[in-house]
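J.: Dumping the structure here so I can ask a few things about it.
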Amino acid sequence: MTFPFKLVATDLDGTLLRGDETVSERTREALAAATSAGAAHIVVTGRSVPWTRHILDDLGYDGLAVCGQGAQVYHAGEHKLLTSLTLDRQLAGLALSKVEAEIGPLALAASRDGLEGEVLVGPGYQVHEGRLPYVFVEDASEMWAAPLNKVYLQHPELDDDALASAARAAVGNLVDVVMAGPGVVEILPLGLSKATGLSLAARRLGVKAADTIAFGDMPNDIPMFGWARHGVAMANAHDTLKAVAHEITASNEHDGIAVVLEELLRTGSVAATPH
């Protein structure tokens with residue numbers, strides 16, 4: 001049976017990874033079967049390279065990965081950054097001042113550019129405890145001393161959706177604002193998305209949007225679904241992503257990627273799930 005896609009694009013958190021940051025054996029086997037059938041697998045994540053590398057190494061992943069919400073194309077096998085787009089710090093500062101004028105003070109973190117780019121965390125920013133390294137800075141102005149890929153925002157009262165909506169309304173066309181996960185609202189360069197990074201990586205691989213199936217769980221995956229031929233939302237996905245998905249699968253904890261890939265490998269065709 002012919003596998004109907006040449007590229008399988010998977011988000012990481014809430015999609016390929018389970019809550020404990022592991023990938024199940026079933027999902028590993030399904031991805032291996034898809035690549036054996038001629039498809040390339042590409043990870044497309046909001047995480048910057050330093051927060052992604054250890055996962056790719058654990059998977060034995062040696063292909064391209066799109067990191068930093070599309071800002072970075074990374075060659076995992078060579079541990080090499082192929083492309084990287086930085087955030088204009090002057091525009092970002094102006095955008096933040098506009099947001100704070102509307103909704104009050106924000107807590108900030110920032111992701112520095114590069115293979116070893118640190119994530120700097122300012123006063124009041126609540127970090128998800130886990131394996132991901134970060135550096136606390138007492139003086140938030142230190143964040144602006146070197147090139148950045150993105151800035152993270154938190155508000156003491158507004159939830160993620162409300163913060164993203166208010167920030168988007170305040171910044172106009174200075175920068176883009178995305179909600180990338182629980183407690184993760186980000187300011188990015190205008191026009192940057194997972195779709196722009198994925199299209200660059202796909203071009204390097206010689207495959208097209210029409211050859212691509214994409215899996216995701218958050219609003220930052222919407223542009224990727226718009227680019228790919230077929231977008232699959234996890235059962236645990238944000239409602240706004242489910243609304244634009246071609247298909248909804250099981251959750252990340254229940255091998256949702258494997259469920260779809262196994263069916264494609266068995267039948268060779270796509271059958272959208274009504275929703």
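The values are calculated or read from the model by the stated rules, or taken from the named source; none is laboratory data. Computed from a predicted model, the values in this text were never measured in an experiment. Because the Cβ atoms are built from the backbone with ideal geometry, glycine has one as well, and the counts that use them run over all protein chains shown. Surface accessibility is based on the protein's heavy atoms, side chains included, excluding ligands, DNA and RNA. Shrake-Rupley method; radii C 1.70, N 1.55, O 1.52, S 1.80 Å.
J.: Quick test for you: out of Val232, Val244, pick the one residue that is in a loop (DSSP other than H, G, I, E, B) and modelled with pLDDT of 95 or more.
T.: Numbers: Val232 fails: in a loop (DSSP other than H, G, I, E, B).
None of the others qualify; the one that does is Val244.
J.: Out of (1) in contact with a strand residue (DSSP E or B) (Cβ under 8 Å, 6 or more places away or on another chain); (2) open to solvent by 30 Å² or more (accessible area, probe 1.4 Å); (3) within 26 Å of Tyr152 (Cα to Cα), the odd one out for Pro223 is which?
T.: Pro223 satisfies all of (1) in contact with a strand residue (DSSP E or B) (Cβ under 8 Å, 6 or more places away or on another chain); (2) open to solvent by 30 Å² or more (accessible area, probe 1.4 Å); (3) within 26 Å of Tyr152 (Cα to Cα) except (1).
J.: Is it the case, given these coordinates, that Thr196 is over 26 Å from Tyr74 (Cα atoms), open to solvent by 30 Å² or more (accessible area, probe 1.4 Å) and not in a loop (DSSP other than H, G, I, E, B)? Let's see the steps before the verdict.
T.: On the way: over 26 Å from Tyr74 (Cα atoms): no; open to solvent by 30 Å² or more (accessible area, probe 1.4 Å): yes; not in a loop (DSSP other than H, G, I, E, B): yes.
Spelling it out, it is not the case that Thr196 is over 26 Å from Tyr74 (Cα atoms), open to solvent by 30 Å² or more (accessible area, probe 1.4 Å) and not in a loop (DSSP other than H, G, I, E, B).
J.: Working only within segment 235-265, note down all residues that are more than 18 Å from Phe225 (Cα to Cα) and within 19 Å of the chain's Cα centre (by Cα).
T.: Glu253, Asp255
J.: Let me ask something else about it. Would segment 52-72 turn up any residue that is farther than 21 Å from Gly183 by Cα, touching a Pro at 6+ places or on another chain (Cβ under 9 Å) and either open to solvent by 70 Å² or more (accessible area, probe 1.4 Å) or not aliphatic (A, V, I, L, M) (or both)?
T.: Within segment 52-72 (the criterion being farther than 21 Å from Gly183 by Cα, touching a Pro at 6+ places or on another chain (Cβ under 9 Å) and either open to solvent by 70 Å² or more (accessible area, probe 1.4 Å) or not aliphatic (A, V, I, L, M) (or both)), the answer is no, since none of the residues qualifies.
J.: What number of residues in segment 141-193 are under 20 Å from the mean Cα position of the chain (by Cα), assigned to a helix (DSSP H, G or I) and either more than 15 Å from Pro219 (Cβ to Cβ) or of a type in the set (Lys, Arg) (or both)?
T.: The number of residues fulfilling the criteria is 1.
J.: Quick one: would you say Met179 is at pLDDT below 95 and either of a type in the set (Phe, Trp, Tyr) or buried (at least 22 other Cβ atoms within 10 Å of the Cβ) (or both)?
T.: Working: at pLDDT below 95: yes; either of a type in the set (Phe, Trp, Tyr) or buried (at least 22 other Cβ atoms within 10 Å of the Cβ) (or both): yes.
Answer is yes for this residue.
J.: Looking at Gly93, Gly117 in this structure, which one is more than 23 Å from Ala170 (Cα to Cα), open to solvent by less than 70 Å² (accessible area, probe 1.4 Å), in contact (Cβ under 8 Å) with a residue 24 or more places away in the chain and touching a helix residue (DSSP H, G or I) at 6+ places or on another chain (Cβ under 9 Å)? Break it down stepwise before answering.
T.: Details: Gly93 fails: more than 23 Å from Ala170 (Cα to Cα).
Of Gly93, Gly117, the one residue that is more than 23 Å from Ala170 (Cα to Cα), open to solvent by less than 70 Å² (accessible area, probe 1.4 Å), in contact (Cβ under 8 Å) with a residue 24 or more places away in the chain and touching a helix residue (DSSP H, G or I) at 6+ places or on another chain (Cβ under 9 Å) is Gly117.
J.: Which residue is surrounded by the fewest Cβ atoms within 10 Å (Cβ to Cβ), if the candidates are limited to segment 199-208 and must be part of a loop (DSSP other than H, G, I, E, B) and out of contact with any Leu (no Cβ under 7 Å at 6 or more places or on another chain)? Steps first, please.
T.: Going residue by residue through segment 199-208, those that are part of a loop (DSSP other than H, G, I, E, B) are 206-208.
Applying the additional criterion that residues be out of contact with any Leu (no Cβ under 7 Å at 6 or more places or on another chain) yields 206, 208.
Numbers: Gly206: 10, Lys208: 15.
Only one residue fits best here, namely Gly206.
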